[in-house]
2 protein chains.
Amino acid sequence: MENFETLRQLLDEKKYTAFMRELDKLYPRDAAEFLAGLPLPQQPAVFRMLKKDTAAEIFAELDNDNKERIISALTDSELTQITEELFTDDVVDMLEELPANVVKRVLQSVSPETRATINRFLAYPEDSAGSIMTSEYATLRGDMTVNEAIAHIRKTGYDKETVYTLYVVDGGRKLIGTLELSDLLFGDPDVGISTLIDPNPASVLTTDDRESAAMLIAKYDLLALPVVDSEGRLVGIVTVDDAMDVLENEATEDISKMAAVTPADKPYLKAGVFSIFKKRIPWLLLLMVSATFTGRIILHYENALGMYVILAAFIPMLMDTGGNAGSQASVTVIRSISLGEIEFKNLIPVVWKEIRVSLLCGATLSAAAFIKALFIDRAPVNIALIVCLTILLVVITSKLVGAVLPLLAKLIRLDPAVMASPLITTIVDTLALLIYFGIASAMLGIL
Amino acid sequence: MENFETLRQLLDEKKYTAFMRELDKLYPRDAAEFLAGLPLPQQPAVFRMLKKDTAAEIFAELDNDNKERIISALTDSELTQITEELFTDDVVDMLEELPANVVKRVLQSVSPETRATINRFLAYPEDSAGSIMTSEYATLRGDMTVNEAIAHIRKTGYDKETVYTLYVVDGGRKLIGTLELSDLLFGDPDVGISTLIDPNPASVLTTDDRESAAMLIAKYDLLALPVVDSEGRLVGIVTVDDAMDVLENEATEDISKMAAVTPADKPYLKAGVFSIFKKRIPWLLLLMVSATFTGRIILHYENALGMYVILAAFIPMLMDTGGNAGSQASVTVIRSISLGEIEFKNLIPVVWKEIRVSLLCGATLSAAAFIKALFIDRAPVNIALIVCLTILLVVITSKLVGAVLPLLAKLIRLDPAVMASPLITTIVDTLALLIYFGIASAMLGIL
């Protein structure tokens, strides 16, 4: 941040050489932040001063508004230079977000080969491994020696996104195996690389979910993962930095859905009020309307409530405890599904575990509720008994509903995260009231 | 998985050479899974067959129970070999989890220098960058040429956790800068490396939070991050694979806390029933007891409820809508804090945004609730008016409480995630009832 002061000063004093030297010391991410913080008219001018490769690196880190602004200020030939310099995944990312007229201009600016690649990449479904891969990977032939391979990388590797994992392909671009650059470095120079190749590397198809690509990278501690087409031909790689972003985004999306919010596409502070409203209101409306059941149940037991108003006093506590018990189970199961630890086939062990946990939780809460009702709320013994019996049954029911619903969602290919607290709460509330008034009318002999 | 069949068969037929060749093709993670799946008595025998470095790689991927079992079956000299071969971060991870007698045996098995390193690493606070760093990094001197640097790495780099990022240090081990292996590879062989060094690399202190280390790696797309002591001396590095694990764990912890569960230390399916119970029950008890307020409020308005039982019918809907509206705000703010997008200093813009969003949401819900109360629930107009006015105020209050509490928690260094749905729900329930009965008694002229 302090550097920004120096940079701004150098710029104001028109000391451009010193300015460029200082800017070069920053990470592209920070340089992009600096650029975005400049007065709008100044941005394209500064951007033009940058070296071609630095410019591309910084450009890739800008947000969409800034990208659009820079693009509109660039001449066609400047735009060509930047786009050709960008990695495919960054171009594709950008084109997926920008308005159609800008996309058209960018596509016109590049060479026919680049355009063909970009168009092929744009065709991969959103959320697929193909949509996050890049085409700048380094390949080797299986008959090279270690020395030849190193020489080949020195000559061709400069514009690759990574040369630390190398891909050995045959004449038809079929993936034969992978090789670590360190294996070459520590290998005997004259030995054939075929002895060093990992012949069974993890890989994904272009159409596989991008989350499964990211999870493979996390599981096997990879720096990059090969992406192949249905014929086993290498078409791209996913790098670990993109995998990290995918996992962070997926976690954020899960968390949003668990709180009944449609996942945001912008950081909170940058999102507009109306766009936040639109992501929240459908769920609130849906959940509010589904609370109709609870109202009906209470009205059905109007007489009982008229006679024993104290019954109403325990309604919030019973509903909340049920909701909390259910959320605990559902959120735990949802996260375990996300991390690949649980699938639908684990239903029986999950249910069996939740039955035992809910018996322990239910019994403890039930005892506490009995004592509390009797001594703190000074309720009659029969009411205290009704409350404590209800708690036991509600906790067991809630935990089972909470654990089973996400697994069912997974089975029918719905997102399990939707089955979190808010929906569980609504369902559990209804069940809790039915159990409560059922027990109460039986024990008090009323309807 | 299919490979496991082949492996088991080769083992049964005692074709050990072929077995070892097949096992070598697996990722250490998969080999560990295979080993853990073998009958218990067979595990140490198979483990002994492995080459020293393969054994260490696979050992690092085993879970604690399996590690303990293997250790107890190894002789002291075998244990020494494995421990010396492991990376420091893996040894430290392991020692933090194993029982004291096993720790003692492991520490006795290693060389005095290794023991000193391990003890120093064990002293770093849990959750600090020091606790996840490793000491196996590759260093260079600033006066080397590119060729000398490559030769130096070829000679000394073999047992480092990574040689892709290289650390340039002075005579006192002070970090001067970092260098990418690819820069050496593409550099002029006779040029001094000082021209290629990044002199301002991101770094953390040993005592910094491990999450901030992981977030720097994610932000700048790094493969490894240097960790320095308070005098700027390089003492370790954090690698991107560990950063990924940290971010995944932090997300899981946040999600657990948001559902009022103490974060688990084991995957759900492996955790014991009693240990799950212990992580859930304190929160359930706490939240149940704090629901006392809601009961008190309802009893206080006993007369009003006796006269207008229909008021009771709307209690669940009002509470749930408030809880949902509050959760949406709190969970969004909590996640933004976790991702480093929001801090306490953003309180004013956050509050201003939530006021506008909650007005929009509140007005919409309020209108819907009025129509629903009038035409679906067939409530009298005055009751419908009370309900719709309450909804408006409850939604605004809930969203403000939900957004502000996590920021306050952050300010007083509590974990914001604790301020999620369950706690918000309990607070909002109380507020909702106060607002509801306040408006009702004013409009119906009762107390």
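The values are calculated or read from the model by the stated rules, or taken from the named source; none is laboratory data. Nothing here was measured: the structure is a model prediction, and the numbers come from that model. Cβ sites come from the backbone with ideal geometry, for glycine too, and all protein chains shown count toward neighbours.
What to note about this one:
- Residue among B:Ile412, B:Ile337, B:Ile424, B:Ile439 that is of a type in the set (Val, Ile, Thr), within 32 Å of the chain's Cα centre (by Cα), under 30 Å from A:Ile297 (Cβ atoms) and at pLDDT below 95: B:Ile424
- For B:Asp63, the conditions (1) farther than 30 Å from B:Pro99 by Cβ; (2) surrounded by 13 or more Cβ atoms within 10 Å (Cβ to Cβ) are fulfilled apart from (1).
- So A:Arg280, is it within 7 Å of chain B (Cβ to nearest Cβ), touching a residue at least 60 places away in the same chain (Cβ under 8 Å), closer than 24 Å to B:Ile255 by Cβ and of a type in the set (D, E, K, R): no
- Counted residues, the range B:24-80 - those being among the polar types (S, T, N, Q) and within 14 Å of another protein chain (Cβ to nearest Cβ): 1
Condition check ((1) farther than 23 Å from A:Ala325 by Cα; (2) in contact with a Phe, Trp or Tyr (Cβ under 7 Å, 6 or more places away or on another chain); (3) among the aliphatic types (A, V, I, L, M); (4) not in a loop (DSSP other than H, G, I, E, B)) across all residues:
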{"site": "B:Thr390", "(1), (2), (3), (4)": "yes, yes, no, yes"}
{"site": "B:Val395", "(1), (2), (3), (4)": "yes, no, yes, yes"}
{"site": "B:Ser398", "(1), (2), (3), (4)": "no, no, no, yes"}
{"site": "B:Lys410", "(1), (2), (3), (4)": "yes, yes, no, yes"}
{"site": "B:Ile424", "(1), (2), (3), (4)": "no, no, yes, yes"}
{"site": "B:Ile427", "(1), (2), (3), (4)": "no, no, yes, yes"}
{"site": "B:Ala442", "(1), (2), (3), (4)": "yes, no, yes, yes"}
{"site": "B:Ile446", "(1), (2), (3), (4)": "yes, no, yes, no"}
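- Listed by position, the strands (runs of 3 or more DSSP E) contained in the range B:114-228 that have at least 1 residues being of a type in the set (S, T, N, Q), touching a residue at least 12 places away in the same chain (Cβ under 8 Å) and buried (at least 21 other Cβ atoms within 10 Å of the Cβ) are B:162-169, B:175-180.
- Between A:Lys270, A:Lys257, the distinction of being surrounded by fewer than 19 Cβ atoms within 10 Å (Cβ to Cβ) and more than 7 Å from every other protein chain (Cβ to nearest Cβ) belongs to A:Lys270 only.
- Selection count, the range B:330-389, where residues are within 22 Å of A:Pro282 (Cα to Cα) and of a type in the set (Asp, Glu): 2
- Evaluating B:Tyr301 against the criteria (1) within 7 Å of chain A (Cβ to nearest Cβ); (2) over 30 Å from the mean Cα position of the chain (by Cα); (3) farther than 23 Å from A:Leu287 by Cα leaves one unmet condition, (1).
- Any hit, the range B:318-326, residues being among the small types (Gly, Ala, Ser) and away from chain A (no Cβ under 11 Å): no
- Within the range A:229-247, tally of residues that are among the charged types (D, E, K, R) and within 14 Å of chain B (Cβ to nearest Cβ): 3
- All of B:Val261, B:Val238 fail the test of being within 16 Å of the chain's Cα centre (by Cα) and in a strand (DSSP E or B), apart from B:Val238.
- In the range B:340-352, of all residues being facing chain A (nearest Cβ under 7 Å) and under 21 Å from the mean Cα position of the chain (by Cα), the one that is surrounded by the most Cβ atoms within 10 Å (Cβ to Cβ) corresponds to B:Ile342.
- On inspection, A:Lys219 does not qualify as in contact with a helix residue (DSSP H, G or I) (Cβ under 9 Å, 6 or more places away or on another chain), of a type in the set (Lys, Arg), over 18 Å from A:Glu341 (Cα atoms) and not assigned by TED's automatic domain parsing to the domain that holds A:Ile334.
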